[in-house]
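Below you'll find the structure, written out as structure tokens, and then a few comments.
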Amino acid sequence: MPAPTDLFSRGRILVTGATGLFGRELVDRLLALGADLRTVSILPPPPDFPSGKVEHLAGDLADRSFAREAMKNVSGLFHLAGRRGSVGIQRKQGATMLGENLTICLNTLDAARRAGVERIVYTSTVTVYPPMSVYRENLAWSANPHPADEFVSWAKRIAEKFIEAQEVQYGVKNVAIVRPVNTFGPHDDFAPETALVVPALIGRALAGEKPFTVWGDGSAVRDFLFVADAVEGMLLAYQKGIGQGAINLGSGRGYSIKELVTAVLAATGRAGDQVAWDTSKPSGEPRKVADITRAREILGFAPKVDLVDAIRRTVDWYRANSARPQRH
């Protein structure tokens with residue numbers, strides 16, 4: 001296998017969803033590795049995007065012709081693009097979440113095959129799993145996904161099945177599938193109406209919400225991963241995960257909601273504040289954590305940033321890049 005710098009600097013690599021949470025971190029990492037990059041996003045890139053160092057295309061991969069145009073003369077692909085949002089958004093916009101996510105994935109993967117792309121990392125999600133305490137890769141199809149995020153989950157599931165179908169019909173086995181847990185960090189979405197759990201808590205804390213109210217009793221355990229660690233897993237998958245089946249990317253341990261809230265309040269200068277645990281609201285399932293045995297064994301993946309440091313880095317970035325915290 002070529003050395004990592006040779007692998008990433010050989011041919012042109014396309015990153016879809018390049019201005020999002022994963023994409024922005026990945027673009028910087030790939031540029032540091034000497035990659036020749038083409039990037040795609042549906043919206044114009046932000047001011048800090050390295051536009052002068054990449055070929056950037058603005059367009060919607062739900063358009064098949066755009067997907068095929070984006071794939072021309074590409075030898076590697078990191079497919080990150082998709083519609084995302086909070087659980088509430090996912091329920092209210094179910095048709096968009098299912099239909100457009102599926103269309104984006106199928107268009108992109110089909111265009112990549114037609115263009116002869118050699119290596120692909122497809123970013124799925126752990127929400128493809130049915131409710132269970134420990135996510136293991138071979139259990140994804142053992143039951144239906146959780147109803148809360150079923151529309152995105154089914155789109156991601158079918159895209160994974162489409163990869164399998166391409167392998168069967170065309171004899172190609174050139175895709176690594178990664179399933180990250182709840183990932184956060186710089187360049188995350190902090191908008192109150194769409195933010196996921198970690199940026200939402202950070203935004204509320206910086207907005208001075210008092211009392212700081214959290215559903216449940218804080219005992220539920222969830223899996224969180226810093227974006228730099230998730231991207232490291234993707235880079236390793238590009239090198240070592242091709243044709244190996246789906247691979248979870250997670251913390252390897254999980255964190256209680258109480259640990260998460262404590263870290264957020266400490267990082268935002270509110271360590272002494274009391275938390276109002278609303279036990280009239282559900283805590284959710286007691287434990288949901290990804291088994292990362294395959295990631296360790298196949299990729300050599302080992303998360304480096306613990307929750308406290310990850311929250312601190314995210315808060316520091318948000319403070320430096322936001323005119324003022326937004327309220328809910």
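What follows is calculated from the coordinates using simple rules that are stated; it is not laboratory data. Every value quoted in this text rests on a predicted model; they were computed, and no experiment measured them. Here the Cβ positions follow ideal geometry from the backbone for every residue, glycine too, while neighbour counts run over all protein chains shown.
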Handout entry: For the chain, size of Cβ-based charge dipole, Lys and Arg +1, Asp and Glu -1, in debye
Key = 100 debye
Fill in the blank from the handout: The Rg/Rh figure for segment 172-238, Cα atoms and Kirkwood Rh, to two decimals is 1.10
Completion exercise
Expressed in µm² per second, the diffusion coefficient of segment 185-328 from the Stokes-Einstein equation, with Rh the Kirkwood radius over alpha carbon pairs, at 37 °C and 0.692 mPa s, is 202 µm²/s
Handout entry: For the chain, calculated [θ]222 nm from helices alone, where every DSSP H run of n ≥ 4 adds -39500 (n - 2.57)
Key = -11000 deg cm²/dmol
Fill in the blank from the handout: Taking N as the number of residues in the chain, the ratio of its alpha carbon radius of gyration to 2.2 N^0.38 Å works out to 0.97
Exercise for the section: Would you kindly work out the equivalent ellipsoid of segment 107-163 from its C-alpha gyration tensor and give its semi-axes, the square roots of five times the eigenvalues, largest first in whole Å? Expected result: 25, 12, 8
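Can you tell me what percent of all Cα-Cα pairs in segment 196-267 are more than 15 Å apart?
For segment 196-267, the share of Cα pairs beyond 15 Å comes to 63 percent.
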Fill in the blank from the handout: Checked against the positive end of the charge dipole of segment 111-155 (+1 on Cβ of Lys and Arg, -1 on Cβ of Asp and Glu, about the Cα centre), the farthest of Ile120, Ala140, Pro130 is Ile120
Exercise for the section: For the pairs Lys53/Lys173; Lys53/Lys161; Lys53/Lys240; Lys72/Lys161, note any where the Cα-Cα span goes beyond 29 Å. Expected result: Lys53/Lys173; Lys53/Lys161
